[in-house]
Amino acid sequence: DGGITQSPKYLFRKEGQNVTLSCEQNLNHDAMYWYRQDPGQGLRLIYYSQIVNDFQKGDIAEGYSVSREKKESFPLTVTSAQKNPTAFYLCASSPVGRVFQPQHFGDGTRLSIL
Amino acid sequence: GESVGLHLPTLSVQEGDNSIINCAYSNSASDYFIWYKQESGKGPQFIIDIRSNMDKRQGQRVTVLLNKTVKHLSLQIAATQPGDSAVYFCAEKKTGNQFYFGTGTSLTVIP
């Protein structure tokens, strides 16, 4: 079945450490997104990419970095500059060029601080 | 900027009753809306969507109503079942492929 796979499901970060969250999709979607979900808040966009080797900052990009070397993969690095990284991180994908298409989500990675 | 919000943060219903979850949006130019269901520890699942040229759309046990006059969106779930317990949130198309997401309503079904 086509879908989005996020790993790991749980991740712990030590002070000063960078950690990378994986997101892989086999839906053949051009666009991929990273969101952060905090209790009582809507999803907030961190980064998005509409094509390989190109990505754009979202609303809360500070302290995060991404790469898009392959269409299927969009890893997110949470750097030590992100002072409040504890959250549920969601990756999504969608087609590009078709106006009315929902985003499809993975099952998330929960990041906590040690 | 635009915002998407929900009227009620929690909703409890008896099993078998109908549920109605509401959403307000502020951008009158928005032309596409989606409802998602999110179970604990999982990612959001697409339930149903509606374009702004429609007032109502039905799926299996779910109906979405769009009132553009008051910028209001609702999700109706018929014969609510325990498996429907989850957080439901709406999404409003922003630009291109980007969306604004609401904060969510937590639905609890009482057996």
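Each value in this text was obtained by applying a stated rule to the coordinates, not by laboratory testing. Just so you know, these numbers come straight off a predicted model, no measurement behind them. Ideal geometry is used to build each Cβ from the backbone, glycine not excepted, and the neighbour counts take in all protein chains shown.
Pairs of Cα atoms nearer than 8 Å and 6+ residues apart set the relative contact order; for the stretch B:43-108 it is 20 percent. For the stretch A:1-68, applying the loop criterion from DSSP together with a ceiling of 16 other beta carbons within 10 Å to the GluC sites (Glu not before Pro) yields A:Glu15, A:Glu62. With a Förster radius of 41 Å applied to the C-beta separation of A:Ser67 and B:Glu39, the computed FRET efficiency comes to 0.85. The alpha-carbon positions of the stretch A:5-47 define a convex hull whose volume is 114 Å³ per residue.
Of the residues B:Val109, B:Ile47, B:Asn97, the one whose Cα sits farthest towards the positive end of the charge dipole of chain B is B:Asn97 (charges of +1 on Lys and Arg Cβ, -1 on Asp and Glu Cβ, taken about the Cα centre). By other beta-carbon atoms within 10 Å, ranking B:Thr103, B:Thr108 with the fewest at the front produces B:Thr108, B:Thr103. Explain nothing, just the number: relative contact order of chain B, from Cα pairs under 8 Å at least 6 residues apart, as a whole percent. It comes to 37 percent, rounded to a whole number. 3J(HN,Hα) along the stretch A:7-17, derived from phi through the Karplus expression 6.51 cos²θ - 1.76 cosθ + 1.60 where θ = phi - 60°, amounts to 8, x, 6, 10, 9, 10, 10, 8, 4, x, 9 Hz, with x in place of Gly and Pro. Just list whichever of B:Lys42/B:Lys93; A:Lys83/B:Lys94; A:Lys83/B:Lys68; A:Lys71/B:Lys56 have alpha carbons separated by over 31 Å in the model shown. As for pairs spanning more than 31 Å Cα to Cα, those are A:Lys83/B:Lys68; A:Lys71/B:Lys56. Each of A:Arg44, A:Arg68, A:Arg36 was scored by other Cβ atoms within 10 Å of its Cβ. Arranged with the fewest first, they read A:Arg44, A:Arg68, A:Arg36. Neighbour counts of other Cβ atoms within 10 Å put B:Val13, A:Val96, A:Val66 in the fewest-to-most order A:Val96, B:Val13, A:Val66.
Backbone phi angles across the stretch B:104-111, fed through the Karplus curve with coefficients 6.51, -1.76 and 1.60 (θ = phi - 60°), yield HN-Hα couplings of x, 10, 8, 9, 10, 9, 8, x Hz in residue order; Gly and Pro are listed as x.
A quarter of the convex hull surface defined by the alpha-carbon atoms of chain A gives 7.1 nm² as the mean projection. Within the protein assembly as shown, the ratio Rg/Rh, alpha carbon atoms throughout and Rh by Kirkwood, equals 0.97.
Projected over every direction and averaged, the convex hull enclosing the alpha-carbon atoms of the stretch B:3-111 yields 6.4 nm².
What does the charge count near B:Val13 come to, summing +1 for each Lys or Arg and -1 for each Asp or Glu among other residues with Cβ under 15 Å from its Cβ?
Result for the local shell: -1.
When the dipole is taken about the Cα centre of the protein assembly as shown, and only Lys, Arg (+1) and Asp, Glu (-1) are charged at their Cβ, what size is it in debye, to the nearest 20?
Roughly 220 debye, rounded to the nearest 20.
Take every Cα pair under 8 Å whose residues are at least 6 apart in sequence, average their separation, divide by the length of the stretch A:2-114, and the relative contact order is 35 percent.
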